[in-house]
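Worksheet: one structure, shown below.
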Amino acid sequence: MTETALDWQRLHDLRPADFEAAGNRWHAVSSRAGADALRVGQAMSAQLRETQRGDAATAALRRLRRLHRNLDYVRTECGLVRTTLNGLAADLAEPQRQLRLALDEAAELGFTVHPDGSITYPASTVHTLLGPQDTPAGQAAPRAALPLDLPHSSLDSSLRPLNPHADRAQALADRIARAVRAAAEVDARYTRTLNGLRAAKGLDITAATLRDVRRDTADVRHAASAYLAADVPFDATPAERKAWWDALTDEQRQEFLRIAPDLVGNLDGIPAAARDQANRAYLPTLIEELAGRHDDASQTKLEALRLLQARLNQPGGLPMYLLGIGDEGNGRAIVAYGNPDTSRNVAAYVPGLGTALDADFVEDTMVRAEDTAIGARDVDPSSAAIIWLGYDAPQSADVMSTGDAERGAPAYSRFISGLVATNEKSDPHVTAIGHSYGSLTVGTAARQTNGIPGVDDVVLLGSPGVGVDRAEDLGVGREHVFVGAAENDPVTRLPTKEEFALAGPAAFIYGDVYDRGDDDIYFGKDPASAAFGAHRFKVDPGPAPVLEMGGFDAHSQYFTPSLDSESASNIARVVGGRPGKITLEDRR
């Protein structure tokens with residue numbers, strides 16, 4: 001298209017289907033290279049390893065690995081060309097449509113459109129107070145530097161000609177010019193991208209070649225962003241997204257996973273294995289972006305993501321699935337231990353105060369979900385547990401407000417809906433776990449109009465209240481609400497707002513004076529109280545905040561078997577679908 005300057009006639013005659021056809025041919029090459037790479041990497045290499053020994057076999061395997069890299073490179077680059085051509089066809093469609101509408105309108109009015117985009121309009125008769133007056137024919141030329149998105153009606157029209165056709169002709173000339181300019185911008189963007197998709201000389205795929213592949217992928221992602229995002233159902237329900245994903249061809253799914261993983265990695269309703277593949281592909285890009293920033297918040301997230309990447313690549317242990325990442329707010333990370341789509345029992349744990357995407361999150365908070373998964377798999381091997389940092393947990397004084405919980409609750413409900421939509425079991429057992437302020441987030445989600453769809457059991461740990469006064473208000477029935485509250489956990493004894501206003505910190509000691517029964521805490525009824533009505537399971541009392549210099553230690557050990565085996569075992573029993581096996585203690 002760039003060999004000759006783009007004009008309206010060339011845009012009119014353009015056949016976007018030709019680009020798509022060319023893209024299909026590149027796709028055929030990509031598919032063939034992918035199939036050959038698979039054959040070389042599996043069948044041929046495996047057979048050689050199993051049947052041959054010695055220097056000759058080693059040399060042959062080395063050559064096969066080289067051939068496999070080359071074929072995989074061809075598969076990737078040809079796939080990028082195909083996406084670029086399809087994106088070009090899609091992005092040219094709208095300017096071409098706008099052009100053809102303007103040309104059709106000009107033809108209906110009897111106007112003549114010239115090759116330079118100017119429009120000749122006929123003479124006309126205008127009826128005035130002085131009677132009919134003839135106005136001459138004229139010509140309207142497209143105005144220079146006309147903004148692409150500026151409507152004609154907003155332009156200066158103080159000097160309108162007498163011929164009533166003149167204004168229509170000018171508007172049509174401007175519309176034609178805008179369409180051509182939009183198409184030229186698309187053409188230039190894709191031309192730069194296609195020119196960059198050139199293989200380096202030689203037959204070896206080096207580290208520099210692989211860096212070039214990453215650059216090429218980023219360039220295609222940028223150029224074809226509108227095309228790639230056009231059909232993604234961002235505003236759909238998780239079940240609708242699942243149906244959309246299932247309806248895509250494998251080729252289309254791979255296009256998202258390899259070129260635009262950020263578009264689908266965080267979408268609730270996309271299967272866990274695909275989200276994991278997408279987010280692992282996007283993780284290096286996000287790390288690179290954060291490495292280019294120098295503010296403290298970005299550096300904190302960068303350290304966490306590097307630690308997370310190392311943890312994901314670490315061999316052994318439970319299989320990990322990266323279900324979400326992001327740098328918005330205090331950072332986002334959703335990690336599953338075990339496949340939540342193939343497990344009969346799935347739990348999603350919401351952390352609380354102070355949680356952010358930092359080193360402590362990777363080295364401590366994530367481990368709580370891992371411990372829960374390990375314990376639940378001892379109860380039922382078909383179990384998985386998830387740490388869900390899909391919201392901004394309060395960092396300091398914000399903990400006294402319900403705002404973060406109210407903003408996080410809808411996102412948590414959508415996430416759980418997505419788990420239910422993608423789970424392969426006919427009736428999965430789903431447990432919502434909230435710790436500390438995270439219990440308020442879970443409680444807020446549960447008391448929404450539709451509750452948390454698909455949740456069977458709710459576990460509340462170290463809770464300052466959940467925004468309701470009765471277990472049955474959480475939408476799963478009081479028999480399915482389980483509470484762990486350590487006697488020395490000060491968060492579970494937070495005085496009410498009114499008590500704080502009257503007595504300040506002294507309200508911790510004299511709470512019963514202001515609250516008969518001492519069963520009201522900061523965000524509602526104490527979930528461990530008899531009035532609330534949930535099952536209270538046994539936990540270790542933990543070190544006393546003052547006498548044993550425990551501080552908030554009792555607040556942080558519910559998940560950890562080495563610190564509180566009773567609590568960890570009870571959580572595992574609920575998550576693993578055996579709540580009848582928990583050990584109970586008296587409600588407050």
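The values are calculated or read from the model by the stated rules, or taken from the named source; none is laboratory data. None of the values given here were measured: they were computed from a predicted structure. All Cβ positions, glycine included, derive from the backbone under ideal geometry; neighbour counts span all protein chains shown.
Against the test of being free of Cβ contacts under 8 Å to residues at least 24 places away in the same chain, in the same structural domain as T560 (by TED's automatic domain parsing) and part of a helix (DSSP H, G or I), the options D404, D378, D360, D371 yield a single qualifying residue, D360. Among the residues of the stretch 201-223, those that are modelled with pLDDT under 85 and β-branched (V, I, T) comprise I205, T206, T209, V213. Those residues that are in a loop (DSSP other than H, G, I, E, B) and either modelled with pLDDT under 95 or within 29 Å of P95 (Cα to Cα) (or both), I need them from the stretch 224-251; list them, please. Across the stretch 224-251, the qualifying residues are A224, A230, D231, V232, P233, F234, D235, A236, L248, T249. Residues in the stretch 322-336 that are in contact with a Gly (Cβ under 8 Å, 6 or more places away or on another chain) and closer than 24 Å to S463 by Cα: R332, A333, I334.
Would you please name the residue that is surrounded by the fewest Cβ atoms within 10 Å (Cβ to Cβ), looking only at residues in the stretch 119-142 that are within 10 Å of L162 (Cβ to Cβ) and at pLDDT below 75? Only one residue tops the list, namely T128. Total residues in the stretch 180-198 satisfying the condition of being outside any helix (DSSP H, G or I) and touching a helix residue (DSSP H, G or I) at 6+ places or on another chain (Cβ under 8 Å): the figure is 1.
Applying the criterion of being among the hydrophobic types (A, V, I, L, M, F, W, C) and surrounded by 16 or more Cβ atoms within 10 Å (Cβ to Cβ) to the residues of the stretch 214-237, the residue that is farthest from I259 (Cα to Cα) is V232. Test A445 against the stated conditions and say whether it is over 20 Å from A333 (Cβ atoms), modelled with pLDDT of 95 or more and surrounded by 24 or more Cβ atoms within 10 Å (Cβ to Cβ). No; evaluated as a whole, the condition is false for this residue. Within the span defined as the stretch 252-274, one or more residues are more than 17 Å from the chain's Cα centre (by Cα), in the same structural domain as Y412 (by TED's automatic domain parsing) and modelled with pLDDT under 95. Cβ-Cβ distances below 7 Å connect the following pairs, each with a first residue in the stretch 56-77 that is over 23 Å from G196 (Cα atoms) and without any contact (Cβ under 8 Å) to a residue 24 or more places away in the chain, a second residue that is in a helix (DSSP H, G or I) and of a type in the set (A, V, I, L, M, F, W, C), and a separation of six or more residues or different chains: A57/L48; A60/L48; L61/L48.
Comparison of D72, D91, D104, D116 shows that the only residue that is in a loop (DSSP other than H, G, I, E, B), in the same structural domain as R25 (by TED's automatic domain parsing) and not hydrophobic (A, V, I, L, M, F, W, C) is D116. The set of residues in the stretch 473-494 that are surrounded by fewer than 20 Cβ atoms within 10 Å (Cβ to Cβ), under 34 Å from the mean Cα position of the chain (by Cα) and over 20 Å from Y412 (Cα atoms) contains only R478. Does A501 qualify as being part of a helix (DSSP H, G or I) and either at pLDDT 95 or above or buried (at least 16 other Cβ atoms within 10 Å of the Cβ) (or both)? Judged against the criteria, A501 is not a match. Candidates A421, A405, A411: the one that is farther than 23 Å from R573 by Cβ, crowded, with 24+ Cβ neighbours inside 10 Å, among the hydrophobic types (A, V, I, L, M, F, W, C) and modelled with pLDDT of 95 or more is A405.
Please work out if I387 is within 11 Å of A347 (Cα to Cα) and free of Cβ contacts under 8 Å to residues at least 60 places away in the same chain. Criteria met by I387.
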